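Data first, discussion second: the structure below is written as structure tokens.
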Amino acid sequence: MSLKVTQVEGGLFKAEYRGAEVIAGRVDPDSPYVGISPGNLMVAALGMCNGVYVEDYLRREGIEYDSLEITVNRKYERDLPRATEFDIQIDLRGDLSEEERKGALEAARRCYVGNTFEGTPKINVSLTG
């Protein structure tokens with residue numbers, strides 16, 4: 001899998017994958033910010049991933065529910081800018097049994113993004129051109 005990120009103008013960047021794109025940043029320090037910051041996109045990816053996995057479980061099992069909403073809170077350090085902890089709250093409304101709720105929580109724990117964070121992936125950066 002390869003995702004392409006290109007500079008649009010100044011500090012404004014575009015990420016493209018399979019015909020979809022996300023734009024984030026600002027042209028210059030005085031211009032308004034566009035989109036969601038890369039750090040917040042990372043947090044959004046974690047929440048959305050949990051949602052996708054829970055919804056997939058509910059659909060596969062034929063479990064009816066009223067609504068599904070995920071809230072992700074993060075703790076972070078400023079000295080070495082990075083997230084240090086994520087708290088994910090899944091608000092799953094509906095008449096589900098305890099077994100179905102347990103299954104939904106287990107599905108959330110299979111989230112690709114969360115599992116990637118837990119595994120401390122190796123990141124290789126190179127400069128070309």
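The values are calculated or read from the model by the stated rules, or taken from the named source; none is laboratory data. These numbers were taken from a predicted model, which means no experiment stands behind them. All Cβ positions, glycine included, derive from the backbone under ideal geometry; neighbour counts span all protein chains shown.
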Could you tell me which numbered condition GLU98 fails, if it satisfies all but one of (1) under 19 Å from the mean Cα position of the chain (by Cα); (2) within 22 Å of LEU58 (Cβ to Cβ)? (1)
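Conditions (1) at pLDDT below 95; (2) outside the structural domain of ASP91 (by TED's automatic domain parsing), marked per residue:
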{"site": "MET1", "(1), (2)": "yes, yes"}
{"site": "VAL8", "(1), (2)": "no, yes"}
{"site": "LEU12", "(1), (2)": "no, yes"}
{"site": "VAL43", "(1), (2)": "no, no"}
{"site": "GLY47", "(1), (2)": "no, no"}
{"site": "ASP66", "(1), (2)": "no, no"}
{"site": "ILE70", "(1), (2)": "no, no"}
{"site": "LYS75", "(1), (2)": "no, no"}
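Whether any residue in region 115-126 is surrounded by 10 or more Cβ atoms within 10 Å (Cβ to Cβ), closer than 12 Å to VAL43 by Cα and in contact (Cβ under 8 Å) with a residue 40 or more places away in the chain is what I want to check.
Here is the first cut: in region 115-126, the ones surrounded by 10 or more Cβ atoms within 10 Å (Cβ to Cβ) are 115-118.
Retained after the next criterion (residues that are closer than 12 Å to VAL43 by Cα): 117.
Then drop every residue that is not in contact (Cβ under 8 Å) with a residue 40 or more places away in the chain, which leaves 117.
Within region 115-126 (the criterion being surrounded by 10 or more Cβ atoms within 10 Å (Cβ to Cβ), closer than 12 Å to VAL43 by Cα and in contact (Cβ under 8 Å) with a residue 40 or more places away in the chain), the answer is yes, since at least one residue qualifies.
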What number of residues within region 52-84 are surrounded by 15 or more Cβ atoms within 10 Å (Cβ to Cβ) and not hydrophobic (A, V, I, L, M, F, W, C)? 5
